[in-house]
Amino acid sequence: MPFSRVAFVAADADPAREALTALTRRYGQHKPEEADIIVALGGDGFMLEAVHSYMETKVPIFGMHRGTVGFLMNRYEEHNLKERLQRATEVVLHPLRMTAVTGDGQTHEAVAINEVSMLRQTRQAAKIRIFIDGKERMSELACDGALVSTPAGSSAYNLSVHGPVLPLGSSVLALTPISAFRPRRWRGAILPHTAVVKFVMLEPEKRPVSACADRDEVRDVIEVTVREDRALSMRLLFDPEHNLEERIVAEQFQP
């Protein structure tokens with residue numbers, strides 16, 4: 001489709017703000033909700049913010065690297081942007097939906113593009129019981145935490161805690177422990193994308209745990225349910241020579 005109306009959004013950093021000025025001068029500026037495409041200028045953190053902020057608009061997002069980490073970003077160039085957008089390949093991602101219940105009985109919901117993670121809040125290890133599709137699979141995991149990752153997020157935090165990198169088209173999720181103490185040799189599981197994962201915190205008053213869905217944190221949780229939300233979708237665009245599928249494969253061969 002032609003991308004005649006472009007909305008530029010930028011991180012609050014000098015390189016991103018300077019790029020915003022240059023690009024809007026050259027190509028004009030539209031409101032994100034009225035645009036054909038949103039161009040996000042910054043790093044991966046800002047890209048995730050942009051996707052969360054504009055998910056409801058269903059407008060595709062093309063990121064250009066003007067930040068620190070640029071795994072989700074295309075290279076920055078001021079020239080030939082319209083031609084690049086026409087050639088770009090689209091990836092459709094579905095987020096995870098987290099439903100967290102806290103000790104005071106409140107329920108909190110949030111969505112995550114990368115992962116939903118449970119993390120201990122104090123010096124003591126967390127103790128977590130894990131259910132998959134209503135069936136208890138682990139009676140007690142003593143750990144610093146655990147996470148459920150999407151394929152798109154599998155090369156981020158999930159990889160840093162030795163979880164598997166998942167191809168985009170694999171239709172699976174990664175369930176990965178964070179510094180597991182018992183059972184010591186458990187390295188996690190790969191689950192179908194339809195799986196419903198439920199974490200029940202054991203001894204939550206003595207061993208408090210927080211739950212994070214990308215940027216949203218809920219503290220003192222006693223129960224967290226994670227599932228893929230197929231009702232929500234995000235459209236990301238990438239240069240053909242630097243598409244996200246290729247980056248995920250290449251990440252597994254980094255020294």
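Where a number appears in this text, it was derived from the coordinates with a stated rule and is not lab data. None of these values were measured; they are calculated from a predicted model. Cβ coordinates were reconstructed from backbone atoms using ideal geometry, including for glycine residues, and neighbour counts include every protein chain displayed.
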Given 48-55, 235-242, the highest-first ranking by average Cβ count within 10 Å works out to 48-55, 235-242
Mind pulling the angle between the C-alpha long axis of helix 14-27 and the longest principal axis of the chain? Nearest 10 degrees, somewhere in 0 to 90. 40
For every helix of n ≥ 4 consecutive DSSP H residues, a contribution of -39,500 (n - 2.57) applies; sum these over the chain, divide by its total residues, and give [θ] at 222 nm rounded to the nearest 500 deg cm²/dmol. -5000 deg cm²/dmol
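Quick one: E78, E223, E83, fewest Cβ neighbours within 10 Å first, how do they rank?
Details: E78 12, E223 18, E83 9.
The fewest-first ordering by Cβ neighbours comes to E83, E78, E223.
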Proximal lysines relative to K206, as straight alpha-carbon distance under 17 Å, when same-chain residues fewer than 8 apart are discounted: K127
Taking 0.36 nm per residue of separation between R219 and R5 and subtracting their Cα-Cα distance, the length gained on full extension comes to 72.9 nm
Toy charge model, Lys and Arg Cβ at +1, Asp and Glu Cβ at -1: the chain dipole around Cα centroid in debye, rounded to 20, equals 620
Using the alpha-carbon centroid of each, what span in Å lies between segment 39-78 and segment 178-240? 24
F71 to E18: extension gain in nm, 0.36 nm per residue of separation minus the Cα-Cα distance? 17.0 nm
